[in-house]
Amino acid sequence: MSRFPIKIKNAYWSYGDQKVLNGITLSIQKGMFYSVIGPNGSGKTTLLKNIGHILSPMKNTIFLEEQDITTFSRKQIAQNLAIVPQNTEIDFSFTVFDIIMMGRTPYLKRFQGESPEDKQIVEDAMKSTNTWSLRNKKIDELSGGERQRVIMARAIAQKTDILLLDEPISHLDIQHQIELMGLIKQLNQQKQITVIAVLHDLNIAAEYSDTIILLHKGSIFAMDTPNKVLIPEYIHQVYGVNVDIIKNPITHKPHIIPIYADG
């Protein structure tokens, strides 16, 4: 894998007459943890969907390993990057084990069954996400938070070098938020998995990211380390709120505190 496995060159995207991405250009470095932040409607999820080819990007705008992603088959994309979407609803009543085993599908030939190695990979993914105890349950019997962890386990079972995460902790309680973000960071650091995560919680983004991409009206407003992006001036300009920034006494990362006016 190259030093910059994903490159984006002047990416635009519109829904009808509504322009959502406005000429995004950036390079994603291997083994780094990127958080994409910004207000609602700034283009965060649309950018992630273009990178993952969930939306069909314009030709010669999204490059995976120096190759235009529009030339990849779905199977090839799934062998290179795994996606955890914001919407985890599944229409079919599969067991949790079967859902996570779908993460191995990109590596199976037609009519080929799962190998003992595939089953071990799935078991490891389930244990790492605390979903092993759910393996025989139907996916439609689970809570939103349990389903979120199952979809995360499926992505881990894909064994890709790139993880795209769209609000991966949105349905989780604080315990599972910390566990899941810790697991993602562990994969990032120990296995050099490149992570691109859309996050709403700026303090979570600050704690786990190497680089933060702040979007505003479909463009990159700022892209740098948490200390350089999460500053009061930028947050006020983009989000329209006043904040104070303190250092987390344990991690020394920036911690955002909103300033509420009296009355």
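Bear in mind these aren't lab numbers, they're just calculated from the coordinates by the rules spelled out. As the structure is a computational prediction, the values presented were derived from the model and not from experiment. So basically every Cβ, Gly included, is an ideal-geometry build from the backbone, and we count neighbours across all protein chains shown.
Some notes on this structure:
- A Cβ-based charge dipole, computed about the Cα centre of the chain with Lys and Arg at +1 and Asp and Glu at -1, lands at about 780 debye.
- Relative contact order (%) - the chain, alpha-carbon pairs under 8 angstrom, separation at least six: 24 percent
- Length gained when the stretch residue 74-residue 10 is fully extended (0.36 nm per residue, less Cα-Cα span): 20.7 nm
- Sites residue 95 and residue 124, calculated FRET efficiency, Cβ-Cβ separation with R0 22 Å, nearest 0.05: 0.80
- Taking every DSSP helix (H) stretch of at least 4 residues in the chain, weighting each as -39,500 (n - 2.57) and dividing the sum by the residue count yields a mean residue ellipticity at 222 nm of -9000 deg cm²/dmol.
- Estimated D of segment 117-173 in µm² per second, where Rh is the Kirkwood radius over Cα pairs and Stokes-Einstein applies at 10 °C, 1.306 mPa s: 135 µm²/s
- Per the Kirkwood formula applied to alpha carbons, segment 6-230 shows a radius of gyration over Rh ratio, Rg over Rh, of 0.96.
- Listed residue (116, 184, 255) projecting farthest to the positive dipole end of the chain, Cβ model: 116
- Sequence-distant aspartates and glutamates (8 or more away, or on other chains) whose Cα lies within less than 19 Å of residue 75: 65, 66, 98, 114, 118, 161
- Within straight-line reach of residue 247, meaning a Cα separation under 20 Å, sit the following lysines at least 8 residues removed in sequence or on another chain: 228.
- Restricting the calculation to Cα atoms, every distinct pair contributes to the Kirkwood radius of segment 49-181, found to be 15.5 Å.
- In range of the label at residue 219: residues from segment 25-49 whose backbone nitrogen is under 20 Å from the point 7 Å along Cα→Cβ: 25-27, 36-48
- For the chain, the residue among 130, 33, 81 whose Cα projects farthest onto the positive side of the dipole built from Cβ charges is 81.
- DSSP finds beta bridges in segment 6-230, and of those with both partners inside it, around 55 percent are antiparallel.
- Our analysis of segment 191-263 gives Rg over Rh at 0.99, with the two radii drawn from alpha carbon positions and Rh computed by the Kirkwood formula.
- Ranked 251, 88, criterion: other C-beta atoms within 10 Å, fewest first: 251, 88
- Given charges at beta-carbon only (K, R positive; D, E negative), |dipole| of segment 97-144 in Debye: 100 debye
- Segment 13-64 pair-distance distribution - Cα-Cα, 10 Å bins, rounded %: 20, 58, 20, 1
- Neighbour-count order for 183, 134, fewest beta carbons within 10 angstrom listed first: 183, 134
- Here is the list for segment 184-263: trypsin sites (Lys or Arg not before Pro) lying in DSSP coil, each with at most 13 other C-beta atoms within 10 angstrom of its C-beta, are 191.
- Quotient of Cα Rg and 2.2 N^0.38 Å for segment 1-93, N being how many residues it contains: 1.11
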